[in-house]
Amino acid sequence: MKHATFRQLKVFESVARHLSYSRAAEELYLTQPAVSIQVRKLEEHAGHPLFEQFGKKVYLTPAGTELLHISRSIILQFEAAEAAMAQFSGVSGGKLNVGVISAGDYFFPRLLVDFVGRHPGVQLNFTVHNRDGLLAHIAENRTDLAVMVRPPQDLDIVHEAFAPHPYVIVAPPGHPLAGRPRLELGEVMRQPFLVRERGSDTWKSMQEGFGGDLSGLNIAMEIRSTETIKQAVMAGMGLSFLSAHTISRELASGSLCALDVQGFPLMLHWYVVHRQGKRLPPVAQAFKEFLISDGAPLIRRIVPFGEG
C-alpha cells in the first residue's frame with residue numbers, strides 16, 4: 001500500500017459511500033472510466049479486490065470494508081491538517097465548506113456571492129442536500145457549516161437562528177379555495193395534497209403546521225422534488241405545503257397563490273449549524289457572523305414574501 005495515493009483513497013471512499021461508480025464520478029467531477037481506473041490502481045496496491053459486482057449492484061468485499069474505515073480516518077486527518085493551515089490564510093485566503101438543505105438553494109448562492117464580494121479570494125465548496133444527506137455531512141465532519149431549518153437533536157452541535165423561514169399552503173390561482181379568507185385547516189386538509197418525502201425538513205415542518213397529526217391529510221402524491229411539486233400544483237393536481245422562499249417568483253407572477261389559512265404562514269427559522277467543539281477556520285467563522293448579522297435582510301430582498 002505504500003504507493004497508494006490520497007486521490008485513490010478519496011475516489012475509493014466515494015464509490016464505497018455511494019456503492020456506485022457513476023454517483024462517485026458525479027460527486028468528484030470525474031468521468032466514470034477515470035473513477036474505475038483509480039479504484040483498479042488502489043486494488044493493485046492493496047493486492048485484493050475492494051468491490052464485487054452482481055448485476056448492476058456494487059458491494060464492498062471484506063478487504064474493501066476494512067480499507068474503508070482506514071481511508072476515512074486518513075481523509076479526516078488530511079482535512080484537519082488543511083483546516084489547521086487555513087487558519088494562517090485568514091478569511092480572504094480561506095476555503096469555505098458549507099452545505100444547505102434544498103429549500104435554501106433558491107437564495108443561498110446569492111448570499112455566497114455577497115459574502116465573497118466582501119472577502120475576495122475566498123474559495124467556495126457549496127453543496128445542496130436533502131435533510132438526511134446534510135445530517136450525514138455534519139456527522140461525518142465533511143462540512144464546516146450547515147444551513148437548515150431543523151437542527152438535529154441527536155448530534156452534539158451548536159445552532160443559531162439567523163432568519164425567519166415562512167411556510168405556506170399553495171394552490172393554483174383558479175382553485176375554489178383561492179381568495180377565500182380565514183380558511184379552516186380541516187377544510188384545507190381534505191383537499192388532495194402533493195407533499196415532499198417523509199423525513200424531509202418540509203415534511204417535518206408540515207407535521208408541525210398541521211398540529212403534529214397528518215392522519216387527516218389527503219395525500220395524493222409524495223414527490224422528492226420541490227420544482228416538480230410546484231409544476232404539479234400549477235397543473236391543478238392538488239395543493240401543497242411549501243417554503244415561501246421556494247415560491248417567491250411564482251407568487252409574484254401569479255402562477256401560484258398562498259391560501260389564507262388560519263395559523264399560516266407557519267413561521268420557522270433558518271439555522272446555521274456546526275459540530276460542538278469544532279474549530280472553525282476564520283472564513284467559516286466570518287461567514288457564520290455574516291449570516292447572523294446580514295442574512296435575514298438579504299434573504300428578504302432576494303426572496304421577498306408578504307402575507308396576503
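The values are calculated or read from the model by the stated rules, or taken from the named source; none is laboratory data. Since we're looking at a predicted model, the values are computed, not measured. Note: ideal-geometry Cβ built from the backbone for every residue, glycine included; neighbour counts use all protein chains shown. Side chains included, ligands, DNA and RNA excluded: accessible areas come from the protein's heavy atoms. Shrake-Rupley method; radii C 1.70, N 1.55, O 1.52, S 1.80 Å.
The C-beta contact set for segment 128-157 (first residue within 18 Å of Glu27 (Cβ to Cβ) and part of a helix (DSSP H, G or I), second residue of a type in the set (Asp, Glu) and open to solvent by less than 50 Å² (accessible area, probe 1.4 Å), distance under 8 angstrom, 6+ apart or interchain) is empty. Any chance segment 114-125 includes a residue that's within 18 Å of the chain's Cα centre (by Cα) and not aromatic (Phe, Trp, Tyr)? Yes, segment 114-125 contains a residue that is within 18 Å of the chain's Cα centre (by Cα) and not aromatic (Phe, Trp, Tyr).
I'd like the full set of residues that are in a loop (DSSP other than H, G, I, E, B), open to solvent by less than 20 Å² (accessible area, probe 1.4 Å) and either of a type in the set (Asp, Glu) or in contact with a Phe, Trp or Tyr (Cβ under 8 Å, 6 or more places away or on another chain) (or both), limited to segment 252-308. Answer for segment 252-308, where residues must be in a loop (DSSP other than H, G, I, E, B), open to solvent by less than 20 Å² (accessible area, probe 1.4 Å) and either of a type in the set (Asp, Glu) or in contact with a Phe, Trp or Tyr (Cβ under 8 Å, 6 or more places away or on another chain) (or both): just Val303.
Condition check ((1) within 28 Å of Ile157 (Cβ to Cβ); (2) not small (Gly, Ala, Ser)) across all residues:
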residue: Thr202; (1), (2): yes, yes
residue: Gly211; (1), (2): yes, no
residue: Lys230; (1), (2): no, yes
residue: Ser243; (1), (2): yes, no
residue: Val261; (1), (2): no, yes
residue: Met267; (1), (2): yes, yes
residue: Tyr271; (1), (2): yes, yes
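Search segment 36-82 for residues being in a loop (DSSP other than H, G, I, E, B) and free of Cβ contacts under 8 Å to residues at least 12 places away in the same chain, and hand back the single one that is most open to solvent (accessible area, probe 1.4 Å). Looking at residues that are in a loop (DSSP other than H, G, I, E, B) and free of Cβ contacts under 8 Å to residues at least 12 places away in the same chain, I get Lys56.
In segment 161-182, the residues that are touching a residue at least 24 places away in the same chain (Cβ under 8 Å) reach residues that are of a type in the set (Ser, Thr, Tyr) and crowded, with 18+ Cβ neighbours inside 10 Å with C-beta atoms within less than 6 angstrom, at least six apart or across chains, in these pairs: Ala161/Tyr271; Tyr167/Ser205; Tyr167/Ser243; Val170/Ser240. The selection criterion, being in contact with a Gly (Cβ under 6 Å, 6 or more places away or on another chain) and either farther than 30 Å from Val91 by Cβ or in contact (Cβ under 8 Å) with a residue 60 or more places away in the chain (or both), holds for Leu266.
Scanning segment 22-32 for residues that are open to solvent by 40 Å² or more (accessible area, probe 1.4 Å) and either modelled with pLDDT of 95 or more or of a type in the set (Gly, Ala, Ser) (or both) gives a single hit, Ser22. Please pick out the residue among Leu155, Leu183 that is of a type outside the set (Phe, Trp, Tyr), over 16 Å from the mean Cα position of the chain (by Cα) and under 24 Å from Phe210 (Cα atoms). Within the list Leu155, Leu183, the selection yields Leu183. Every residue in segment 107-149 that is in contact with a helix residue (DSSP H, G or I) (Cβ under 7 Å, 6 or more places away or on another chain), at pLDDT below 90, under 25 Å from Glu208 (Cβ atoms) and open to solvent by 40 Å² or more (accessible area, probe 1.4 Å), please. Answer for segment 107-149, where residues must be in contact with a helix residue (DSSP H, G or I) (Cβ under 7 Å, 6 or more places away or on another chain), at pLDDT below 90, under 25 Å from Glu208 (Cβ atoms) and open to solvent by 40 Å² or more (accessible area, probe 1.4 Å): just Asn130. Using the structure shown, decide if Gln153 is over 23 Å from Met206 (Cβ atoms) and out of contact with any helix residue (DSSP H, G or I) (no Cβ under 8 Å at 6 or more places or on another chain). When the stated conditions are applied, Gln153 does not pass them.
Residues that are of a type in the set (Val, Ile, Thr) and without any contact (Cβ under 8 Å) to a residue 60 or more places away in the chain are absent from segment 290-308.
Evaluation of Ala139 against the conditions (1) over 17 Å from Gly263 (Cβ atoms); (2) in contact with a Pro (Cβ under 7 Å, 6 or more places away or on another chain) shows that the sole unmet condition is (2).
Here's the yes/no breakdown for (1) more than 25 Å from Asn125 (Cα to Cα); (2) in contact with a helix residue (DSSP H, G or I) (Cβ under 6 Å, 6 or more places away or on another chain):
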residue	(1), (2)
Arg17	no, no
Ser22	no, yes
Glu27	no, yes
Val35	no, yes
Gln38	no, yes
Leu42	yes, yes
His48	yes, yes
Lys57	yes, no
Pro62	yes, no
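Screening Ala171 with (1) small (Gly, Ala, Ser); (2) more than 22 Å from the chain's Cα centre (by Cα); (3) open to solvent by 10 Å² or more (accessible area, probe 1.4 Å) gives one miss only, at (3).
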